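Here the structure is laid out as C-alpha cells; the discussion comes afterwards.
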Amino acid sequence: MRVLSFLRIITMFGLMVSLVVLGGVAYKDGKVVFTFKTDIKADVVYLAGNFNNWNPSLWAMKLLNGVWTYEVELKPGSYEYKYVIDGKNWKEDPEAPSFVDDGFGGKNGAFTLTADGKILGSGKISQTKKYELNTKRENTIFVDPEGYVVLRFYNKDAKYVFIAGSFNNWKDNATECYYIENGWWEAVLEIQPGVYEYKFVVDGKWVLDPNAFAYADDGFGGKNGVFELVREGGKLIVRAPVSADKPSTEKTYQTVTTQKVKPGLSVDGKNVVFAVKKENAQEAYLAGSFNNWNPRAMKMQLVEGYWIANLPLQPGTHKYKYVFVIGGSDVWEEDPNAPSYEPDGYGGKNGVFKLVEKDGLLSIEGIEQKAGGLSVKGKYEFEYKFKTDSAKYFVSSGFTNSLALRFEPTADFAIALKYDGADISEALINFSQENYSIVMYYKLPLNFLSDMTFAERNTGILGKLKFLNKYYLVGGLVHKNNQLPWIVGIDGETFKLFMANSYFTDELEFLGEIILSSPFNLSICGMYSLNNTFFASINFSAEQFGLYLSIYNSKLSSEIYTKLGQDKFKLGGAYDLYYGDSEMYAAYLTQQIEYYIGSNLSNVEFKITALGKDRDIGLGVKTELSDPINKTNLTIFGNIRF
C-alpha cells in the first residue's frame, strides 16, 4: 500500500510539473517554450510576436499530444505575442504570464525573460525595452489638428509605400502611405497613446525611417523606428520614449544596404537573401514552406536586374519556389541556383536548403537526395458534358478524362507519361545537367520561343549545350513519315534564333525572338516558313498593364489586362480574316478564383474556376444563341493531383 501511495504521489507530481510546463510560456534548457491548447480545429498554428515582426505564417508550431508547442532561443527582454490559427485567426494565449492591450480591442500575451532564465509577467512592455535616441532627424512626424499621427517618408523612386508596425500587427500591406509631392509619402494613423515601433515597406522591401524619434532592436540584427504618443496639456503630441538614451557613438542608419547581388541564396546577418534573374517578369514573389506556400505572402524587389527577397528564418530545412507574374499570369518556377532540389509533386522541383547555425553564425547547406521509395506523382483530369433535350430535358453528352504520371527519382532525371482513356497521348524523358540537357519526347509541343501558339505536337529528340556561360546551342530531330525534320539554333537571355526544316510546317522555317526587360518588359516573336505560313506576336507589360497582339496566317488575336490591386481583369478576342469568324472573352481573377465569359457568333460560354497550386476545380455553362433552351451545354471539369 505504501508503495502504491508513493507511486501515486510521484504520478501526481509529474502531472503538476507537466501542467506548469504546458502553461503559457516557460523556460527550459536555454529556450523559451510556448504551449497552446485550443478546442478550435486547426491544420496549423503559428506563433507571432514582436520577436518575429508579428509574421503570421513564419513560425509553425508542432502538435504534441493535443498541445501546440514551439521552442526558440530569445535574448533577455520583454515580449508580446499571439497565436495564429491556420495563418488567419489570431488568438491570445489564455495562460499568458500577463496581458497588454493589442490596440484592436483585444489582448496580447506579454512576459519578460530575465538574464537568469525566469519568465515574469509584464505590465507595459515598452517600459523595459531599450531605445536609442536619433539625434540626427528632421521633423517629419507630428499630430494633425484632428488628432491623427502623421508620418512622412521621402523616396522619389518608390512605386508604392506601406507602413507596418506594432499598431497593425506588422502587416506589410494593411496601412498604405499616400504620395504627396516631390518624392514625399505620408501615412496617417488613428491610434491611442502609447509607444509604437514601425518600419516602412517600400516596393516590398522593409526600410528604416531615417527620421524616427528613436530606434529599437528588431530582433533580426536590424532596427525599428520608435515614437511615443502622449497627451500633454490636454492635447496629443509625439516624441521619443522618455527612456530613450543617446547613442554612445553617433550612428547613421542606412535605409538600403548596397552590395553586389549574387544569384541564388546567401546569408545577411540573421536573414536569408533570395536572388533570381527573370527578365520578362513584371512582378516576382517568394513562396515556400516558411509561409505556407502563399503566392502573395512576400513580394520581391528588382535590384540590379535581380529579383530580391530578404527573410528572417529559423535554423532548419526550408523549401521554396518563385512565383513570377508574366503577361498577367502566375508562373511557378524553381530557383536555377538552389543549393539542392526535390520533386514538388506536380512534375517540377522545389528548391530546398538547410539553414545551420554554428557559433552564432548562419550558413546554408544543400540537402542530399534520400534513397529508397518511388518519386511518382500524378494528375487526373476529367470533364463531364451534359445538354438540354426537348424530350428528355437533360442528358449526358460525353465524358473525357486523362491521367498524367511523372517519375522523378532525382532532380536531373524525369520520365513523364499521359494517358487519354487507354492510349498514351504524351510522353517525355528528360536528363539535364548544369551545362547540357537531353530530351526525348512523344507527341509533345516543345516551346522554343516565349509564345508558341503555332507549335505542333511532335515526336523526337532535342539536345542543349551551354557555351559562353549564357547561351545554349540547340539541336533536334523529329520522326515523321518520309521526312527527317530538324531544328538548330541559339537560345540566349535576350534573343533566340532558330532554323528548322519541316519541324512546324512542311518546308524550311525561321524562328526568332527579341526580349527586353528595361524600362519595361517586351517580347517580340516571329516564325516564317517557305510555304508562306507565318506567325508574329508582341507582348508588352508594365507593372499594372499589359498588351498582347498576334497573327497566325489569317487569324488575328489580342488581349489586354490591367491589375486592380491584387486582382486582374483581362479582355481579349480573335478574328479570322479568311473565314470572318470572331470571338471575344473577358476574365476576372480575384483571390485565386477566375470568372470567365466568352462568346462568338453562335454561342456564349461562362465558367468559374478555383485555382490553386495543388488543385483546380470549376464549373462551365455553354449555350447556343439560336436556341438556348434546347441547346444549352453544361460542362463540369476539374483535376486531382497526387
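The values are calculated or read from the model by the stated rules, or taken from the named source; none is laboratory data. Worth saying up front: this structure is predicted, and the values here are computed from it rather than measured. Reconstructed Cβ throughout: ideal geometry from the backbone, glycine too, with neighbour counts over all protein chains shown. Side chains are part of the model used for accessible areas, which takes the heavy atoms of the whole protein and leaves out ligands, DNA and RNA. Shrake-Rupley method; radii C 1.70, N 1.55, O 1.52, S 1.80 Å.
Key figures for this structure:
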read-out	value
Extreme residue, nearest to P519 (Cα to Cα), among residues of region 310-337 that are assigned to a strand (DSSP E or B) and in contact (Cβ under 8 Å) with a residue 60 or more places away in the chain	I326
Failed item in (1) modelled with pLDDT under 80; (2) open to solvent by 10 Å² or more (accessible area, probe 1.4 Å); (3) under 26 Å from N521 (Cα atoms); (4) not charged (D, E, K, R), with G328 passing the rest	(2)
Residue list for region 520-551, filter: farther than 20 Å from G573 by Cα and aliphatic (A, V, I, L, M)	L522, M527, L530, A542
Among (1) open to solvent by less than 60 Å² (accessible area, probe 1.4 Å); (2) touching a Lys or Arg at 6+ places or on another chain (Cβ under 9 Å); (3) outside any strand (DSSP E or B); (4) within 30 Å of S289 (Cβ to Cβ), the one test that G147 misses	(4)
Hits in region 271-320 (condition: charged (D, E, K, R) and surrounded by fewer than 18 Cβ atoms within 10 Å (Cβ to Cβ))	K277, E279, R296, E304
Those residues of region 157-187 which are more than 26 Å from N291 (Cα to Cα) and either at pLDDT below 90 or open to solvent by 50 Å² or more (accessible area, probe 1.4 Å) (or both), in sequence order	D157, Y178, Y179, I180, E181, N182, G183, W184
First in region 71-83 and in a strand (DSSP E or B), second anywhere and open to solvent by less than 20 Å² (accessible area, probe 1.4 Å) and modelled with pLDDT of 90 or more, Cβ under 6 Å, 6 or more apart	E71/V33; V72/V32; Y83/F36; Y83/V45
Conditions (1) free of Cβ contacts under 8 Å to residues at least 12 places away in the same chain; (2) under 30 Å from K387 (Cβ atoms): number failed by L564	(2)
Region 385-420 - residue that is modelled with pLDDT under 70 and open to solvent by less than 60 Å² (accessible area, probe 1.4 Å) and, of those, farthest from the chain's Cα centre (by Cα)	P409
From the options L446, L497, residue that is modelled with pLDDT under 85 and either of a type in the set (D, E, K, R) or under 27 Å from F540 (Cβ atoms) (or both)	L446
Residue ID - nearest to G316 (Cα to Cα), chosen from residues in region 362-384 that are aliphatic (A, V, I, L, M) and at pLDDT below 75	A371
Looking only at region 567-582, and only at residues there that are buried (at least 17 other Cβ atoms within 10 Å of the Cβ) and in contact with a Gly (Cβ under 8 Å, 6 or more places away or on another chain), the one that is modelled with the lowest pLDDT	K568
